[in-house]
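The values are calculated or read from the model by the stated rules, or taken from the named source; none is laboratory data. Here the structure is a predicted model, which means the values were calculated and not measured. Methodologically, a virtual Cβ is constructed for each residue, glycine included, from the backbone with ideal geometry; neighbour enumeration extends over all protein chains shown.
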Amino acid sequence: MTFRVRVITATVAAAAIAVILASFASYLIARSAILHSVDESLIQASQQRLRVSDDNRVTGSYSETVLPTGQTLPTSNVPIDATIKSVANGKSSRVIRTITLEGQSYRELIEPLPKNSVVNCPTGTCQISTTSAQLYMVDITGQVTELSRLVSTLMLVAAGGLLLAFGLGLFLARQALHPLEKVTNEIETVATTNDLQYRLTEGDADELGRLRRVFNRLLRSVESSQTLQRQLVLDASHELRTPLTSLRTNAQVLSRAPELNPEELRQITDDMVTQVDELAALVTDLGELARGEKSEGEPETLRLDDCVDECVETARTYARIRDITMDVELETSFVRARHDRLNRAISNLLTNAVKFTPVGGRIMVTTSHGTVTVADSGAGISDEDRQFVFDRFWRSPSARSLPGSGLGLSIVAQVVEELGGTVAVDRDPTLGGARFIISVPEITEA
């Protein structure tokens, strides 16, 4: 079922329910008014106990007395059923009902009478020693006929209302869905041409305008993601080209292994192992970046100082080789993060600090209130290069001769952004080298 059909169906259904309820209410109100008027006249007649001639006992308004045995005063051909006898025997109270007699409709009032009641008789008045009932009747055939006509009229009105609702439903559906069809056609054009630079006219501040604005934001997001993806592929292919070329060259040299001395063979083998390690690190870093802004798995409550201490112990293994001193000042604080992702970001900062700290240098690591600071005594980062530090594959001129993929700090920025924090870099006033500061939201202990 199309959306247009749903709109028409809903419009017709709503109109049908409204017309049917209105017609039914009109009929009930008219019927209640007519019967109430008749009932009031019957009750008024019962209070006055008017005598009615014998000529109009069946075809007109009249009254009669009914004894407990079912005998009537005066005698008539009105059927005496169990309801009338029950009232005459004093077992029931007043009854008002509609009956049909010889094809005519009558409104009937059955009023109970106590013992020794004086009633009208053919000979005048008489006193009845037992309980009895006074029966009042009025012909309402004309009113019933009018109600039947009213029902027919209301059915015609309802049918006309439904036809009108159907026509209005078609018109309103066409008018209301025309702008939506235009939006759909534009979206189909984007899907067909794959033109992510296309933008919809946003229009007014209504639902369709909101839809257009949301779709434009989606297009911008997809375009940005596609651009970043293409750039990542281009940068990765560029970074892979150098170690692969070097590996190919060394492999060609190894084809002449009998002509090389053992020292040359060992040097070429060591170079190839280093290049393979660089490729492995590059592939690992690319996998981290390919996760996007959101990582898999649920975050947990972690002690930031414990995570830093764990990463520092690993980094000290490499720092000792270069006789680098690592000073640590840890203050307990709690954060919500994934353990592996947070440790990866901290480890990248520490690895970067060890790489750029000279032999015999010093590294200072501190934590407090959701903040991790890593400072070193290296050459630092120049003011003009700081804006590029967290870009993918960016490496300063002084670092291009050192091993690395240029993705470590990009991963740090990605992880910190995922945690809703910030990362900054400046020059440490004490050690003189670079100082990286990570700040993530601190939480209370769970």
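Among the residues of the range 145-152, is any of a type in the set (D, E, K, R) and part of a strand (DSSP E or B)? Give the steps one after another, and end with the answer.
In the first step, residues of the range 145-152 are kept if they are of a type in the set (D, E, K, R); the result is 146, 149.
From what's left, part of a strand (DSSP E or B): none.
Checked the range 145-152: no residue is of a type in the set (D, E, K, R) and part of a strand (DSSP E or B).
For (1) at pLDDT below 85; (2) under 22 Å from Thr284 (Cβ atoms), each residue gets a yes or a no:
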residue: Val365; (1), (2): no, no
residue: Ser368; (1), (2): no, no
residue: Asp383; (1), (2): yes, no
residue: Ser398; (1), (2): yes, no
residue: Ser401; (1), (2): yes, yes
residue: Gly404; (1), (2): yes, yes
residue: Gly408; (1), (2): yes, yes
residue: Glu417; (1), (2): no, yes
residue: Thr422; (1), (2): no, no
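Tally the residues that are surrounded by fewer than 12 Cβ atoms within 10 Å (Cβ to Cβ) and either acidic (Asp, Glu) or without any contact (Cβ under 8 Å) to a residue 24 or more places away in the chain (or both), restricting the search to the range 115-142. Quick ask: steps written out before the conclusion?
First pass over the range 115-142, keeping only residues surrounded by fewer than 12 Cβ atoms within 10 Å (Cβ to Cβ): 115-116, 118, 122-125, 127, 129, 142.
Within this subset, residues satisfying the condition of being either acidic (Asp, Glu) or without any contact (Cβ under 8 Å) to a residue 24 or more places away in the chain (or both) are 115-116, 118, 123-125, 127, 129, 142.
Selection size over the range 115-142: 9.
Quick one: would you say Ser368 is over 21 Å from Ser410 (Cα atoms), within 42 Å of the chain's Cα centre (by Cα) and touching a residue at least 60 places away in the same chain (Cβ under 8 Å)?
In short, no.
Results for (1) part of a helix (DSSP H, G or I); (2) small (Gly, Ala, Ser); (3) outside the structural domain of Gly378 (by TED's automatic domain parsing), shown as yes or no for each residue.
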site	(1), (2), (3)
Glu313	yes, no, no
Thr317	yes, no, no
Arg320	yes, no, no
Asp327	no, no, no
Glu331	no, no, no
Asn343	yes, no, no
Ser347	yes, yes, no
Ala353	yes, yes, no
Pro358	no, no, no
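Could you please give the count of residues in the range 354-370 that are touching a helix residue (DSSP H, G or I) at 6+ places or on another chain (Cβ under 7 Å) and polar (S, T, N, Q)?
Matching residues across the range 354-370 total 1.
Give the residues of the range 116-162 that are among the polar types (S, T, N, Q) and over 30 Å from Ile84 (Cβ atoms), sorted by residue number. Quick ask: steps written out before the conclusion?
We begin by selecting, within the range 116-162, every residue among the polar types (S, T, N, Q); these are 116-117, 120, 123, 125, 127, 129-132, 134, 141, 143, 145, 148, 152-153.
Within the range 116-162, Ser152, Thr153 qualify.
Inside the range 354-394, can you point out the residues that are within 23 Å of Val308 (Cβ to Cβ), surrounded by fewer than 16 Cβ atoms within 10 Å (Cβ to Cβ) and either hydroxyl-bearing (Ser, Thr, Tyr) or touching a Lys or Arg at 6+ places or on another chain (Cβ under 7 Å) (or both)?
Selection gives Ser368 alone.
Only residues in the range 28-39 that are surrounded by 13 or more Cβ atoms within 10 Å (Cβ to Cβ) count as the first member; pair them with residues that are in a helix (DSSP H, G or I), Cβ under 6 angstrom, at least 6 apart or cross-chain, and list the lot.
Ala30/Leu150; Arg31/Leu147; Ile34/Gln143
Looking only at the range 329-353, which residues are without any contact (Cβ under 8 Å) to a residue 40 or more places away in the chain, touching a helix residue (DSSP H, G or I) at 6+ places or on another chain (Cβ under 9 Å) and either buried (at least 22 other Cβ atoms within 10 Å of the Cβ) or under 15 Å from Arg435 (Cβ atoms) (or both)?
Leu350, the sole residue that qualifies.
So that you can scan it fast, the table gives a plain yes or no per residue for (1) buried (at least 17 other Cβ atoms within 10 Å of the Cβ); (2) modelled with pLDDT of 85 or more:
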position	(1), (2)
Ile20	no, yes
Ala25	no, yes
Val58	no, no
Ile96	no, yes
Leu109	yes, yes
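Only one of (1) closer than 30 Å to His36 by Cα; (2) surrounded by fewer than 17 Cβ atoms within 10 Å (Cβ to Cβ); (3) of a type in the set (Val, Ile, Thr); (4) free of Cβ contacts under 8 Å to residues at least 60 places away in the same chain fails for Thr184. Which number is that?
(1)
From the list Gln197, Gln226, pick out the single residue that is loosely packed, with under 11 Cβ neighbours inside 10 Å and at pLDDT 75 or above.
Being loosely packed, with under 11 Cβ neighbours inside 10 Å and at pLDDT 75 or above holds for just one of Gln197, Gln226, which is Gln197.
Which is among the hydrophobic types (A, V, I, L, M, F, W, C) and in the same structural domain as Asn77 (by TED's automatic domain parsing), of Val119, Val157?
Numbers: Val157 fails: in the same structural domain as Asn77 (by TED's automatic domain parsing).
Just a single option satisfies the conditions, and that option is Val119.
Taking the stated definitions as given, is Val78 surrounded by 16 or more Cβ atoms within 10 Å (Cβ to Cβ), at pLDDT below 90 and in a helix (DSSP H, G or I)?
So Val78 does not fit the description; no.
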